[in-house]
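Everything on this sheet refers to the single structure shown next.
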Amino acid sequence: MDILQVVVLAVVQGLTEFLPISSSAHLVLVSYFAGWSDQGLAFDTAVHLGSLVAVLVYFRRELAGIAGSTMHLRRDASTALLGKLAVATVPVVVAGAVGKPWIETVLRSTDVIATATIAFALALWWADRRRGAERDEHDLTFSQAALIGVAQAMALVPGTSRAGITITAALLLGLSRQGAARFSFLLAIPAIAGAALLSAADAATGGDTPPWDDLALGFALSGLCAYGCIAAFIRLLHRTGMTPYVLYRIALGALLLLLL
């Protein structure tokens with residue numbers, strides 16, 4: 001990998017992981033249009049770990065509260081939230097284990113990416129128009145958390161967007177924009193950690209020799225961009241809503257269909 005590829009892919013990963021526009025689709029498409037070879041599993045692991053550190057740092061107070069309540073065996077809002085996140089994580093683990101070969105081959109086509117980009121943009125727009133006003137992530141029931149988890153499993157299809165589909169589901173279940181985004185970002189922690197572990201295991205099995213300077217740069221850039229993206233997205237969400245992301249996804253999907 002040259003320095004331009006490292007920088008571009010790391011920045012794209014950091015900026016798109018937590019926006020409802022699909023990071024996996026952008027990483028595939030950027031490499032496709034630039035004519036770059038696959039960046040490799042080791043680099044994928046590094047940039048995902050950067051995004052993971054960013055969300056851990058941003059939600060450090062909430063995570064500290066969860067850890068404290070868990071260690072002291074308290075039954076409160078923090079431990080209830082942990083349980084809901086655990087329940088919501090199960091579907092993507094099962095779907096990933098069962099469908100991994102199919103997801104990594106058949107579903108990575110440009111037609112699938114373009115169609116999913118447009119279709120789930122329209123779903124996000126509809127959900128945003130029907131959103132709730134007051135409920136936050138703590139008001140979810142366990143069954144509602146499970147439904148959001150099922151939605152997250154659908155994000156294994158490139159172009160769907162993990163953030164986009166989980167926010168869509170949370171909005172449809174009556175959460176406010178901020179509540180939906182916060183639950184989506186917290187739910188990203190086990191999802192990103194699991195993906196990074198799988199990538200690291202595959203890279204080790206494949207005998208890759210990672211270029212450590214590229215990995216370090218990718219990790220740092222992805223983390224910095226992801227943290228800034230999370231902070232800006234949540235802060236501006238009440239003003240912008242989901243419309244800018246919906247319009248961007250529709251334009252991107254239409255362009256892909258016209259060009260490819």
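Relative contact order of the chain: 39 percent, from C-alpha pairs under 8 Å at least 6 residues apart in sequence. Hull volume per residue, based on the alpha-carbon atoms of the chain and their convex hull, is 123 Å³.
Full extension of the segment from Leu4 to Val90, taken as 0.36 nm per residue of separation minus the current Cα-Cα distance, would add 27.2 nm.
Extension gain for Met71-Asp213 works out to 47.4 nm (0.36 nm per residue, less the C-alpha to C-alpha distance).
The residues His138, His72, His26, sorted by heavy-atom accessible surface at 1.4 Å with ligands and nucleic acids left out, run His72, His138, His26 from largest to smallest. Residues considered: Ala67, Ala46, Ala216. Largest GNM mean-square fluctuation over the chain, using C-alpha springs under 10 Å, is found at Ala67. With distances taken between every two different alpha-carbon atoms, the range 1-91 has a Kirkwood hydrodynamic radius of 15.4 Å. Placing Met71, Met154 in order of accessible area, with the largest value first and a 1.4 Å probe, yields Met71, Met154.
In this structure the amide hydrogen of Leu175, modeled in the peptide plane, comes within under 5 Å of the amide hydrogens of Gly132, none closer than 5 places in sequence on its chain. When the Cα positions of Ala153, Gly14, Phe142 are compared along the charge dipole of the chain, Phe142 comes out farthest toward the positive end, with charges on each C-beta of Lys, Arg, Asp and Glu. Within the listed set Arg131, Arg61, Arg162, the residue fluctuating most in the Gaussian network model of the chain (springs between alpha-carbon atoms under 10 angstrom) is Arg61. Working from the Cα coordinates of the range 111-181, the gyration tensor eigenvalues give, after taking √(5λ), semi-axes of 22, 13, 7 Å in decreasing order.
Among Ile192, Ile234, Ile113, whose mean-square fluctuation peaks in a Gaussian network model of the chain (Cα, cutoff 10 Å)? In this elastic network of the chain, the residue with the biggest mean-square fluctuation among Ile192, Ile234, Ile113 is Ile234. Shown is the FRET efficiency for Tyr32 and Leu122, computed with R0 = 25 Å from the Cβ-Cβ distance and rounded to the nearest 0.05: 0.55.
The values are calculated or read from the model by the stated rules, or taken from the named source; none is laboratory data. Please read these numbers as outputs of a predicted model, since none were measured by experiment. Reconstructed Cβ throughout: ideal geometry from the backbone, glycine too, with neighbour counts over all protein chains shown. Just the protein is used for accessible areas: all its heavy atoms, side chains included, with ligands, DNA and RNA removed. Shrake-Rupley method; radii C 1.70, N 1.55, O 1.52, S 1.80 Å.
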